[in-house]
Amino acid sequence: MTEYQHVTADTSVYRDGTIKLHGPEGFEGMRKAGRLAAEILDELTTRVQPGVTTGELDKVVREMTLDGGAVPATMGYRGFTHSCCTSINHVVCHGIPGDKRLKEGDIVNIDVTPLLDGWHGDTSRMYFAGEPSIKAKKLVEVTHECLMIGIAEVRPGARLGDIGAAIQEYAERHRYGVVREFCGHGLGRLFHDAPEVVHAGRRGTGPELKAGMFMTIEPMINLGRPHVKMLNDGWTAVTRDKSLSAQFEHSIGITEDGCEIFTKSPKGLDKPPY
């Protein structure tokens, strides 16, 4: 049975399996954290170019996060030592920034989570380094549509499975694979919390969605089959068949009649081309 917990600014929160329900102060905190996260990704629209290293992009993320009065939630998280994840081409998620230079035609997902005043703004977008292939562009376009189709299912009284079902139906209509091994999640004052938001499933199943819930929706869609494997670094997940993969992510809060997207771009730069 799903347990829900109403939390306020004075409530101690733990990763105990309960789904947290937040009030106005939580929404305000998430708006600020989400806006900073979106502004960071907006800045990267001019930085992602062929020849740029993922380490250089990570430095921009770190400096903007600190300048915004926040800290990168990923730094030190389970041993991760960078301010963002940079996932190129067939990397599904959690790619580690470094000396690798982007090449003409690469597609890359950049995932950031500034922790601002105790609240996590978690979001990611796809970027093009130069001109990608037609297949890559289509994959990225459909993946963003999957995100927004999933978000459109969110309202009080709906079920968590409705989100995954809508995403799966749309992606598989285009003969793409939907990754199951990684999913969205609850968040707020905790980086990762209940519930798990799987991007495939059956309508009418899973916990009931209630006003005050915060979560990420972040579908990972593969050009080929849905299966992934982990590299030896313990972080990087790649497609087993080496097909391209794309992902978009928003942090949202459920309102009385729908949901609020905390991480929407202030400049309208939510998907490429920018």
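The values are calculated or read from the model by the stated rules, or taken from the named source; none is laboratory data. Computed from a predicted structure; not experimentally measured. Methodologically, a virtual Cβ is constructed for each residue, glycine included, from the backbone with ideal geometry; neighbour enumeration extends over all protein chains shown. SASA here: full protein model, heavy atoms, side chains in, ligands and nucleic acids out. Shrake-Rupley method; radii C 1.70, N 1.55, O 1.52, S 1.80 Å.
The range 146-192 and the range 78-96 have their alpha-carbon centroids 21 Å apart.
Ranked by the mean number of other Cβ atoms within 10 Å of their residues, highest first, the peptides 57-66, 261-270, 14-23 come out as 57-66, 261-270, 14-23.
A helix-only calculation puts the chain at -8500 deg cm²/dmol for mean residue ellipticity at 222 nm, using -39500 (n - 2.57) for each DSSP H run of at least four residues, averaged over all residues.
Among all helices in the chain defined by DSSP H, which have a length of 18 Å or more along the axis from Cα atoms plus a Kyte-Doolittle mean of at least 0.0?
Details: long enough: 24-44 (30 Å, -0.34); 54-67 (20 Å, -0.45); 134-152 (27 Å, 0.76); 160-173 (21 Å, -0.17).
Helices meeting the criterion: 134-152.
Modelled label-to-label distance, Arg173 and Arg155, 7 Å Cα→beta-carbon offset: nm? Those two pseudo-labels are separated by 1.9 nm. Share of carbon and sulfur in the accessible area of the range 122-215 stands at 49%, probe radius 1.4 Å. Inter-label distance, Gln49 to Arg202: 5.2 nm, where each label sits 7 Å from its Cα along the C-beta direction. Is the range 168-251 rounded, prolate or oblate when judged by the Cα gyration tensor, a ≥ b ≥ c being the square roots of its eigenvalues, rounded requiring a/c under 1.5 and prolate requiring a/b larger than b/c? Here the range 168-251 falls in the oblate category.
Mind running the shape call on the range 59-183? Use the C-alpha gyration tensor, a ≥ b ≥ c as the square roots of the eigenvalues: rounded below 1.5 for a/c, prolate if a/b tops b/c, oblate otherwise.
Details: a/c = 2.21, a/b = 1.21, b/c = 1.82.
Here the range 59-183 falls in the oblate category.
Against the empirical 2.2 N^0.38 Å (N residues), the range 207-248 has a Cα radius of gyration ratio of 1.58. From largest to smallest, the equivalent ellipsoid semi-axes obtained for the range 132-274 from the alpha-carbon gyration tensor read 24, 17, 15 Å.
Over the range 129-213, accessible surface divided per residue gives 42 Å², non-protein components excluded, 1.4 Å probe. Entry for the range 11-90 at q = 0.15, 0.22 Å⁻¹: log10 I(q)/I(0) = -0.70, -1.12, Debye formula applied to identical alpha-carbon scatterers, no solvent contribution. Measuring between alpha carbons in the structure, the pairs from Lys32/Lys267; Lys100/Lys267; Lys103/Lys135; Lys138/Lys242; Lys138/Lys271 lying more than 22 angstrom apart are Lys100/Lys267.
For the chain, compute Rh as the Kirkwood radius over C-alpha pairs and then the Stokes-Einstein diffusion coefficient at 20 °C and 1.002 mPa s; write the answer in µm²/s, rounded to an integer. Before the final figure, lay out the partial values.
On the way: Rh = 18.4 Å.
The Stokes-Einstein estimate is 116 µm²/s.
Hey, with R₀ at 51 Å, roughly what FRET efficiency would Glu181 and Ala9 work out to, going by the Cβ-Cβ distance, to 0.05? Display every interim value, and only then the final one.
Numbers: r = 35 Å, r/R0 = 0.69.
According to the calculation, E is roughly 0.90.
Loop-located trypsin sites (Lys or Arg not before Pro) in the range 79-153 (DSSP state other than H, G, I, E, B) with a sparse environment of at most 16 neighbouring Cβ atoms within 10 Å: Lys100, Lys103.
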